[in-house]
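Peer 1: Mind looking over this structure? Questions follow.
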Amino acid sequence: MAIDLDRIRAETPGVADVAHFNNAGAALMPAPVLDAQIEHLKLEARIGGYEAAAAAKDRCEAVYGSVGRLIGAAPEEVALVENATVAWDMAFYAMKFAKGDRILTAEAEYAANYIAYLQVAKRVGAVVETIPSTSAGEVDTAALEAMIDERVKLISITHIPTNGGLVNPAAAIGRIAKAHGITYLLDACQAVGQMPVDVEEIGCDMLSATGRKFLRGPRGTGFLYVRKPLLESLEPPMIDLFAAEWVAPDEYRLRPDARRFENWENNYAARLGLGAAVDYALDLGLDAIWERVRQLAAGLRQALGAMPGVVLRDIGAVQCGIVTFTKEGVAADRIKAALSEKGINVSVSRPSSTLLDATRRGLPPVVRASVHYYNDEAEIERLLQAVSAIKE
Ligand SMILES: Cc1ncc(COP(=O)(O)O)c(C=O)c1O
């Protein structure tokens, strides 16, 4: 089904105010997402927070099913948490590493993840190793295969990095992980919502994602997927009386499902907003979304690439809706500020967010213009004209 742009823009109040190309930061929420939250907040104010949660119990429960449908998982394999970092940390720190265990990751790995690897390396003597990239820029799966031995405890990569259009070959990596029985953790934070992501097709054992980016959900929402057989063997790094039941004075019992990674208190309005965002994306269809995102991004890249002084910074054989560039003689922050004055939102991606990749490629801070399906061609034209008008 093709995207009905008129309907979608009519349902996106923010497009009246801004040309929003910061979808990799936080996308504009559609009206149903906004309404779901506001209605629940009003209900909380009217009848009480616990009472409102009880009244919305079925709809809150349905969010697990929606997220499951989005990524091809069972509802019991889904935990709803505050953000992608909490989701990822819960999964990563639940693993038991020992001295000499190898963690294999990608060059374009997200800083927060890499910092966690370094902490575990410091604590227990695990070894962090980076899988080389192909000349096109994505994870080199042949190189990965050659790195495998019995000491590899985890393959952990970012599907789409924070700093550019690269899409890593998540499913090809999954086939290697599966063939060798190695646990595979996928950071799909920038992928979910802009492209089809299916945990069976990819073959990951754990996956983390956020609500506010390409899913168009509320801030402060995220989720974790953990494959059922692995779930039972993972003890979350932090637990409370929701994750586990206190069954005897000196004994607790963990929940059997992925909710062992959650805790008791939650922002139910935001959860309902996340559910509405997932349903909205499912209703449009991830294939249609992905097609339009790629088409808009490809057009933007082509036009920026033809602009004097502009250098495109995206790598990878498959590229997504995140378009990064620099302009000779103009700092990325100045470009962002100049665009902001014209009601155009972009962000700046700094080397420290993806240090290995940025160092290898000698990247300065880059402008990140991330499109989404609700952007239209007129907005892209505005962005192009505004970038072109910025002089040294
Ligand atoms: C690749 C990647 N992983 C994880 C995160 C963290 O997501 P959150 O801010 O929801 O914790 C980000 C945020 O930009 C990201 O780009």
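Peer 1: How much area per residue is accessible in the chain when the probe is 1.4 Å and only protein heavy atoms are counted (Å²)?
Peer 2: For the chain, the per-residue accessible area is 42 Å².
Peer 1: So what is the calculated 222 nm ellipticity per residue for the chain, using -39500 (n - 2.57) for each DSSP H run with n of 4 or more, over all residues, to the nearest 500 deg cm²/dmol?
Peer 2: -12000 deg cm²/dmol
Peer 1: With an 8 Å Cα cut-off and a minimum separation of 6 or more residues, compute the relative contact order for region 15-101 in percent.
Peer 2: Relative contact order here is 11 percent.
Peer 1: Give me the distance between the Cα centres of region 184-237 and region 87-113, rounded to whole Å.
Peer 2: Taking the Cα centre of region 87-113 as reference, the centre of region 184-237 is 15 Å away.
Peer 1: For K391, give me every one of the lysines with a C-alpha distance below 23 angstrom, ignoring sequence neighbours fewer than eight places off in its own chain.
Peer 2: Partners found: K327, K336, K342.
Peer 1: Here is a further query. List, largest first, the extents of the alpha carbons of region 131-251 along their principal axes, each in whole Å.
Peer 2: For region 131-251, the Cα spread along each principal axis is 58, 40, 22 Å.
Peer 1: Still on this structure: Among the lysines, which fall within straight-line cross-link reach of K57, defined as a Cα-Cα distance under 20 Å, with same-chain neighbours fewer than 8 residues apart omitted?
Peer 2: The reachable lysines, counting only those whose Cα sits under 20 Å from K57, are K42.
Peer 1: Between region 324-392 and region 1-35, what's the alpha-carbon centroid distance in Å?
Peer 2: 20
Peer 1: Oh, and also: Return, ordered by residue number, the residues of region 188-208 whose backbone nitrogen is under 16 Å from a label point located 7 Å along Cα→Cβ of D287.
Peer 2: Output list for this probe position: 195-198, 201.
Peer 1: On average over all directions, what projected area in square nanometres does region 15-129 have, based on the convex hull of its Cα atoms?
Peer 2: With every direction weighted equally, the projected area is 10.9 nm².
Peer 1: Sticking with this structure for a sec: Output the antiparallel fraction of DSSP beta bridges having both residues in the chain, as a percent to the nearest 5.
Peer 2: Here the antiparallel bridges make up roughly 55 percent for the chain.
Peer 1: Right, next: For the chain, set up a GNM with springs between Cα atoms under 10 Å and report which of T134, T162, T105 has the largest fluctuation.
Peer 2: Largest GNM mean-square fluctuation: T134.
Peer 1: Stick to Cα atoms and the Kirkwood definition of Rh, then tell me Rg/Rh for the chain.
Peer 2: Result for the chain is an Rg/Rh of 0.98.
Peer 1: For the chain, what is the relative contact order in percent, using Cα pairs closer than 8 Å and at least 6 residues apart in sequence?
Peer 2: Once divided by the residue count of the chain, the mean separation gives 24 percent.
Peer 1: Sorted from largest down, give the three principal axis spans of the alpha carbons of region 180-332, whole angstrom values.
Peer 2: 71, 42, 34
The values are calculated or read from the model by the stated rules, or taken from the named source; none is laboratory data. Because the structure is predicted, anything quoted here is derived from the model rather than measured. So basically every Cβ, Gly included, is an ideal-geometry build from the backbone, and we count neighbours across all protein chains shown. Surface accessibility is based on the protein's heavy atoms, side chains included, excluding ligands, DNA and RNA. Shrake-Rupley method; radii C 1.70, N 1.55, O 1.52, S 1.80 Å.
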